[in-house]
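**Q** Below are the structure tokens for one structure; questions will follow.
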Amino acid sequence: MAIDKVTLQVLANHCRAAAENMAYTLYRTAHSTFVKETEDFTVALTDAAGKTVCVPMDLGATWYPGLDYGAAMRMIPDYEPGDIGFTNDPYSGFLATHSPDLHIWKPIFHEGEIVCYAVGHIHNTDVGGAVPASLSRSLIEIHQEGIRFPPSKLYKAGRLNDELMRVMMINVRKPEQNWGDLKAFVGAMNTGERKVKEMLAKFGIGTVRQGLSDLMDYAEFQAREILRGIPDGEYFFSDYADEDSVGGNPCRLALNLKIKGDEAILDFTGSDPQLTSAINVPTGGNPRHTLMLVGVYYVLFTLNPNLLLNSGLTRPFTCILPEGTVVNPQFPAAVGMRSLTCGRLRSLIFGAFGLAIPERMPAAPAGSSSIMNVMTHDNRSGKAIIAAIDPIVGGGGGMPHGDGTNGSGADAAYLKNTPVEINEAEVPIKILRYGLATDSGGAGRWRGGLATQLDFQVFSPNTRITARNRDRSRFRPWGILGGRAGKPSNFILNPGTAKERVLGNTDILTADPGDVIRIYSPGGGGRGSPLDREPERVLTDVVRGYVSVPAADEEYGVVIRDGAVDMAATVARRASMRRNEPEGHFDFGPERIAYERVWTREAYDALTGILADLPVHWRFFVKGRIFAKVGQGEDGMAGGGRAAIEQAYGEVRAEYPQIRS
């Protein structure tokens, strides 16, 4: 029997408070910069089946409310008080989503029965593997991405599994850092257990058990209410990561969103085959996998900020994830850079909902949040240092009634920047510039948020830098309803010198003493025509350094002279610009427009059909050979289309008779 609404709200507050206390314990006692400053962690309470019931709102990553621990929990046959389970293997229960994410769970008992679990994850800066920080797009199989553990007991009846811990620590580059974070993490689980027992004493076992179920039912009700307010229909959208492998072809993600009443189907058929790079997303085909629904959480919370964040939100949604594709790869595909693809998945979902309810949706966020990791030596002590120094987060998309957020888009707004002073105190580097990039946000009635730029200098030889999630150097964050696409990202070694190298989406770099590294993210897309932005707002942007005087003229039609708007010249300039203003629901930027003159939706439909009939291990190879024949952009086979793809495939089959469909 459901409990009354007042009691349910009180219980919801207690559950959230428990999660917040867990998060605060971890945040205040962790050792690594990436946990204690950047806050790349989650904590939560689940029900006895492993479904997430509550998450904190103020600390850590809040985009995991649909995470299901159940499959991993069930891989351990029995539990007793004091046990703590853990795993970091993306293919064991499809809980961990890449190997640096260590998930643990602690069963909470009442009179011999499990009532719920305290759970969470921390992102370890390094878990071994082929590269410092364990992650790179260039890795091609999971075995290169660090040590992995299937669901096992980290603690048994309150005692640490010392032998297992020794195996873990000997395989990572900075074991004292991992061990320090792990102790803080266990402390957070103990905090959660204590808070739940306080709730049991206050409310009783019956109310707590029923309340956990009712909280998920209520979140489901809220999600269905939102869906009922969206027009029924099918809404197709596609987007691209710049590269499917190092220096390769674009990686396409496709979504056909079908809304009927209070339910939605998200069909990802048409997305690329699984890749020989690390940007695959390990879902196991779970139709409600949290990584596939992250963008949905953002949409729902935008439309109703009073949502309860828990697994109930996922119930009205069903994902179709074809096996052997980038959204459902087969073992042992590398998955370490799945966060790059998740950034694109959010834009993909925003785009589909932007067709369904354009008046309520923003433009694309930056879609790329590069995590900068540095492995170097301190010249004074000689000690090796490895640390994540900052997430370089792009801007948010222009919103229905406001500008996009600067340097903190929807892709990674939960990741906090690390103060310059802390970076320089803990890592032997010098920060030369850290701030917002002028003219990077997409022009619009509501401007896209500005990109973040970081310049730093290193002092030791063989300094190894990984910049994971490098993307959007080619395909820009799109604008909507007349807004312009945001500016692309870049990664540059020794900018403005004779030794300058433009690295683009490269994510591994070895630097020498004195080298300067510059990285900047993409800007968010704009929303609405930039010619409708009030000249006073444009002038304010110029004064603040967000927009340059030339860009005010060229993109907004606002003429600024001697620090003031020349209104007569502005009216004339805008009248001239309106005659040539581009049309269309989205502005994808010139690079994607040129690319899709060849790679049309018809061409991709033909490619999808061809690849779906092939064994998984042939698909990526055949895709690459077809691309080599068809080409990219305006110099490819005229018009693309089904005939061009089928002709190219016929030639590939003639060259490789081993292909069997």
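The values are calculated or read from the model by the stated rules, or taken from the named source; none is laboratory data. None of these values were measured; they are calculated from a predicted model. Cβ: placed from backbone, ideal geometry, glycine included. Neighbour counts: every protein chain shown.
Here is a yes/no grid of residues against (1) more than 28 Å from Ser368 (Cα to Cα); (2) of a type outside the set (Gly, Ala, Ser):
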| residue | (1), (2) |
| --- | --- |
| Ser134 | no, no |
| His143 | no, yes |
| Pro150 | yes, yes |
| Lys156 | yes, yes |
| Arg159 | yes, yes |
| Glu176 | yes, yes |
| Val186 | yes, yes |
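**Q** Taking the residues in the stretch 16-64 that are touching a Ser or Thr at 6+ places or on another chain (Cβ under 6 Å) and of a type in the set (Phe, Trp, Tyr) as candidates, determine which candidate is farthest from Leu212 (Cα to Cα).
**A** Phe34
**Q** Let me ask something else. Mind checking which residues of the stretch 315-344 are modelled with pLDDT of 95 or more and either at positive phi or in a helix (DSSP H, G or I) (or both)?
**A** Of everything in the stretch 315-344, just one residue is modelled with pLDDT of 95 or more and either at positive phi or in a helix (DSSP H, G or I) (or both), namely Gly324.
**Q** Here is a further query. In the stretch 188-245, what count of residues is obtained for those that are free of Cβ contacts under 8 Å to residues at least 24 places away in the same chain and at positive phi?
**A** Matching residues across the stretch 188-245 total 1.
**Q** While we're on this one: Got at least one residue in the stretch 414-431 being more than 25 Å from Ala30 (Cβ to Cβ), surrounded by fewer than 24 Cβ atoms within 10 Å (Cβ to Cβ) and polar (S, T, N, Q)?
**A** Step one: list which residues in the stretch 414-431 are more than 25 Å from Ala30 (Cβ to Cβ), which gives 430.
So of that shortlist, the ones also surrounded by fewer than 24 Cβ atoms within 10 Å (Cβ to Cβ) come out as 430.
This time we only want the ones that are polar (S, T, N, Q), so: none.
No; the residues of the stretch 414-431 include none that is more than 25 Å from Ala30 (Cβ to Cβ), surrounded by fewer than 24 Cβ atoms within 10 Å (Cβ to Cβ) and polar (S, T, N, Q).
**Q** In the stretch 269-301, how many residues are among the polar types (S, T, N, Q), within 13 Å of the chain's Cα centre (by Cα) and modelled with pLDDT of 95 or more? Please lay out each step first, then the result.
**A** Just the residues of the stretch 269-301 that are among the polar types (S, T, N, Q), to begin with: 269, 271, 274, 276-277, 280, 283, 286, 290.
If we keep only those that are within 13 Å of the chain's Cα centre (by Cα) too, we end up with 280, 290.
When the remaining residues are screened for being modelled with pLDDT of 95 or more, the result is 280.
Going through the stretch 269-301 one residue at a time, the tally reaches 1.
**Q** Just a yes or no: is a residue in the stretch 206-221 farther than 30 Å from Val10 by Cα and not in a strand (DSSP E or B)? Steps first, answer last, please.
**A** Just the residues of the stretch 206-221 that are farther than 30 Å from Val10 by Cα, to begin with: none.
No, the conditions are met nowhere in the stretch 206-221.
**Q** Can you tell me which residue within the stretch 490-525, out of those that are within 17 Å of Thr341 (Cβ to Cβ) and in contact with a strand residue (DSSP E or B) (Cβ under 6 Å, 6 or more places away or on another chain), is surrounded by the fewest Cβ atoms within 10 Å (Cβ to Cβ)?
**A** Here is the first cut: in the stretch 490-525, the ones within 17 Å of Thr341 (Cβ to Cβ) are 505, 507, 521-522.
Checking which are in contact with a strand residue (DSSP E or B) (Cβ under 6 Å, 6 or more places away or on another chain) leaves us with 507, 521.
On the way: Asp507: 27, Ser521: 37.
Only one residue tops the list, namely Asp507.
**Q** While we're on this one: Taking interchain pairs and intrachain pairs at least six residues apart, which have beta carbon atoms under 7 angstrom, with the first residue in the stretch 13-24 and touching a residue at least 12 places away in the same chain (Cβ under 8 Å) and the second buried (at least 20 other Cβ atoms within 10 Å of the Cβ) and basic (Lys, Arg)?
**A** Cβ pairs passing all conditions: Ala18/Lys195; Asn21/Lys195.
**Q** Wholly within the stretch 573-661, which helices (runs of 4 or more DSSP H) include no fewer than the required count, namely at least 3 residues that are at pLDDT 90 or above and over 32 Å from the mean Cα position of the chain (by Cα)?
**A** 641-655
**Q** Being in contact with a strand residue (DSSP E or B) (Cβ under 8 Å, 6 or more places away or on another chain) and over 30 Å from Val374 (Cα atoms) is true for just one of Ala12, Ala49. Which residue is that? Write out each step before concluding.
**A** On the way: Ala49 fails: in contact with a strand residue (DSSP E or B) (Cβ under 8 Å, 6 or more places away or on another chain).
Selected residue: Ala12, the only one of Ala12, Ala49 that is in contact with a strand residue (DSSP E or B) (Cβ under 8 Å, 6 or more places away or on another chain) and over 30 Å from Val374 (Cα atoms).
**Q** Given (1) closer than 30 Å to Asn178 by Cβ; (2) assigned by TED's automatic domain parsing to the domain that holds Asn469; (3) among the polar types (S, T, N, Q), where does Thr341 come up short, assuming only one miss?
**A** Thr341 satisfies every listed condition except (2).
**Q** Still on this model: Between Gly479, Gly504, Gly444, which is over 15 Å from Gly404 (Cβ atoms) and not basic (Lys, Arg)? Break it down stepwise before answering.
**A** On the way: Gly479 fails: over 15 Å from Gly404 (Cβ atoms); Gly444 fails: over 15 Å from Gly404 (Cβ atoms).
That would be Gly504, the only listed residue that is over 15 Å from Gly404 (Cβ atoms) and not basic (Lys, Arg).
**Q** Give the number of residues within the stretch 564-601 that are among the small types (Gly, Ala, Ser), over 18 Å from Ala485 (Cβ atoms) and touching a residue at least 24 places away in the same chain (Cβ under 8 Å).
**A** At the first step, the residues of the stretch 564-601 found to be among the small types (Gly, Ala, Ser) are 564, 568-569, 572, 575-576, 584, 589, 594.
This time we only want the ones that are over 18 Å from Ala485 (Cβ atoms), so: 564, 568-569, 572, 575-576.
Of the ones still in play, those that are also touching a residue at least 24 places away in the same chain (Cβ under 8 Å) are 564.
Adding up the residues that qualify gives 1.
**Q** Residues being touching a residue at least 40 places away in the same chain (Cβ under 8 Å), outside any helix (DSSP H, G or I) and not charged (D, E, K, R): count how many of those fall in the stretch 146-178.
**A** Of the residues in that region, 12 qualify.
**Q** Moving on. Give the residues of the stretch 371-407 that are part of a strand (DSSP E or B) and not aliphatic (A, V, I, L, M), sorted by residue number. Explain how you work it out, then say what you get.
**A** Of all residues in the stretch 371-407, those part of a strand (DSSP E or B) come to 371-377, 384-393, 399, 402.
Across the stretch 371-407, the qualifying residues are Asn373, Thr376, His377, Asp390, Pro391, Gly402.
**Q** Turning to a different aspect of this structure: Among the residues of the stretch 281-306, which ones are more than 17 Å from Leu255 (Cβ to Cβ) and either in the same structural domain as Thr62 (by TED's automatic domain parsing) or buried (at least 24 other Cβ atoms within 10 Å of the Cβ) (or both)? Step through it out loud before you land on a result.
**A** So the first thing to find is which residues in the stretch 281-306 are more than 17 Å from Leu255 (Cβ to Cβ), and the list is 282, 284, 301-306.
Of everything in the stretch 281-306, just one residue is more than 17 Å from Leu255 (Cβ to Cβ) and either in the same structural domain as Thr62 (by TED's automatic domain parsing) or buried (at least 24 other Cβ atoms within 10 Å of the Cβ) (or both), namely Pro282.
**Q** Taking only the stretch 300-316 into account, find how many residues are of a type in the set (A, V, I, L, M, F, W, C) and free of Cβ contacts under 8 Å to residues at least 60 places away in the same chain.
**A** 1
**Q** Filter the stretch 40-91 down to the residues that are in contact (Cβ under 8 Å) with a residue 40 or more places away in the chain, closer than 14 Å to Lys153 by Cα and not acidic (Asp, Glu) and list them by number.
**A** If the condition is that a residue be in contact (Cβ under 8 Å) with a residue 40 or more places away in the chain, closer than 14 Å to Lys153 by Cα and not acidic (Asp, Glu), then Ala72, Met73, Met75, Ile76, Pro81, Gly82, Ile84, Gly85, Phe86, Thr87, Asn88 are the ones that fit.
**Q** I would also like to ask the following. Look through Val616, Val547 and report the one residue that is touching a helix residue (DSSP H, G or I) at 6+ places or on another chain (Cβ under 7 Å) and either of a type outside the set (Lys, Arg) or loosely packed, with under 15 Cβ neighbours inside 10 Å (or both).
**A** On the way: Val616 fails: touching a helix residue (DSSP H, G or I) at 6+ places or on another chain (Cβ under 7 Å).
It is Val547.
**Q** Let me ask something else about it. What residue, among those in the stretch 151-164 that are closer than 22 Å to Phe94 by Cα and among the aliphatic types (A, V, I, L, M), is modelled with the lowest pLDDT? Full working, then the answer.
**A** Of the residues in the stretch 151-164, the ones closer than 22 Å to Phe94 by Cα are 151-155, 164.
Among the residues that remain, those that are also among the aliphatic types (A, V, I, L, M) are: 154, 164.
Details: Leu154: 97, Leu164: 93.
If we take residues in the stretch 151-164 being closer than 22 Å to Phe94 by Cα and among the aliphatic types (A, V, I, L, M), then Leu164 is modelled with the lowest pLDDT.
**Q** On to the next question. From the list Gly66, Gly60, pick out the single residue that is in a loop (DSSP other than H, G, I, E, B), among the small types (Gly, Ala, Ser) and within 29 Å of Glu424 (Cα to Cα). So that I can check it myself, show each step before the final result.
**A** Numbers: Gly66 fails: within 29 Å of Glu424 (Cα to Cα).
The conditions single out Gly60.
**Q** Can you report the number of residues in the stretch 211-267 which are of a type in the set (Ser, Thr, Tyr) and surrounded by 21 or more Cβ atoms within 10 Å (Cβ to Cβ)?
**A** Here is the first cut: in the stretch 211-267, the residues of a type in the set (Ser, Thr, Tyr) are 213, 218, 235, 238, 240, 245.
Going one step further and asking which of them are surrounded by 21 or more Cβ atoms within 10 Å (Cβ to Cβ), we end up with 240.
Matching residues across the stretch 211-267 total 1.
**Q** So, in the stretch 553-571, of the ones that are outside any helix (DSSP H, G or I) and over 39 Å from the mean Cα position of the chain (by Cα), which residue ends up farthest from Leu531 (Cα to Cα)? Please lay out each step first, then the result.
**A** Initially, the stretch 553-571 is screened for residues outside any helix (DSSP H, G or I), giving 557-566.
Now restrict to residues that are over 39 Å from the mean Cα position of the chain (by Cα): 561-566.
Numbers: Arg561: 18, Asp562: 21, Gly563: 20, Ala564: 18, Val565: 14, Asp566: 15 Å.
Top of the filtered list is Asp562.
**Q** State which residue is surrounded by the most Cβ atoms within 10 Å (Cβ to Cβ) when the search covers only the stretch 101-135 and only residues that are in contact with a Gly (Cβ under 7 Å, 6 or more places away or on another chain) and part of a loop (DSSP other than H, G, I, E, B).
**A** Ranking the candidates gives Leu135 first.
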